[in-house]
1. Does LYS74 count as under 27 Å from LEU16 (Cβ atoms) and either among the charged types (D, E, K, R) or in contact with a Lys or Arg (Cβ under 9 Å, 6 or more places away or on another chain) (or both)?
2. Taking the criterion of being part of a helix (DSSP H, G or I), in contact (Cβ under 8 Å) with a residue 12 or more places away in the chain and either in contact with a Lys or Arg (Cβ under 6 Å, 6 or more places away or on another chain) or not acidic (Asp, Glu) (or both), would at least one residue in region 9-20 satisfy it?
Amino acid sequence: MPGRGDSTANAVSERLRASCKQIVVKLANMATAVDASCLQIWRTAGLARNGGFKNGEGSMRKYKASEVAVGVTKDAIQILGGYGYTRE
């Protein structure tokens with residue numbers, strides 16, 4: 001049965017391609033979240049420098065940045081399987 005090995009290899013190849021696409025999308029979402037958080041912090045710093053800063057804005061930005069950091073770390077652990085994060 002020469003055709004069976006080829007179809008199995010094709011199925012595995014397609015599954016790997018789909019998995020890689022999912023990882024690429026997750027990495028893009030992570031990078032977007034981190035970039036958006038950085039831009040919000042820079043905006044708040046600009047407001048503080050120019051006198052338009054309110055205490056609530058700094059607190060909200062800090063909270064959002066910490067939530068993004070936790071979310072990105074969790075996603076990275078899912079992708080990498082905990083390498084470098086845990087000790088064995």
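Laboratory data are not the source of any read-out in this text; all were calculated from the coordinates shown. Everything numeric here is computed off the predicted structure, so don't read it as measured data. Every residue, glycine among them, receives a Cβ derived from its backbone with ideal geometry; neighbour counts consider all protein chains shown.
1. Taking the combined requirement at face value, the residue satisfies it.
2. Checked region 9-20: no residue is part of a helix (DSSP H, G or I), in contact (Cβ under 8 Å) with a residue 12 or more places away in the chain and either in contact with a Lys or Arg (Cβ under 6 Å, 6 or more places away or on another chain) or not acidic (Asp, Glu) (or both).
Conditions (1) surrounded by 11 or more Cβ atoms within 10 Å (Cβ to Cβ); (2) of a type in the set (D, E, K, R), marked per residue:
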residue	(1), (2)
LYS26	yes, yes
MET30	yes, no
SER37	yes, no
ILE41	yes, no
THR44	yes, no
ASN50	no, no
TYR63	no, no
VAL68	yes, no
TYR83	no, no
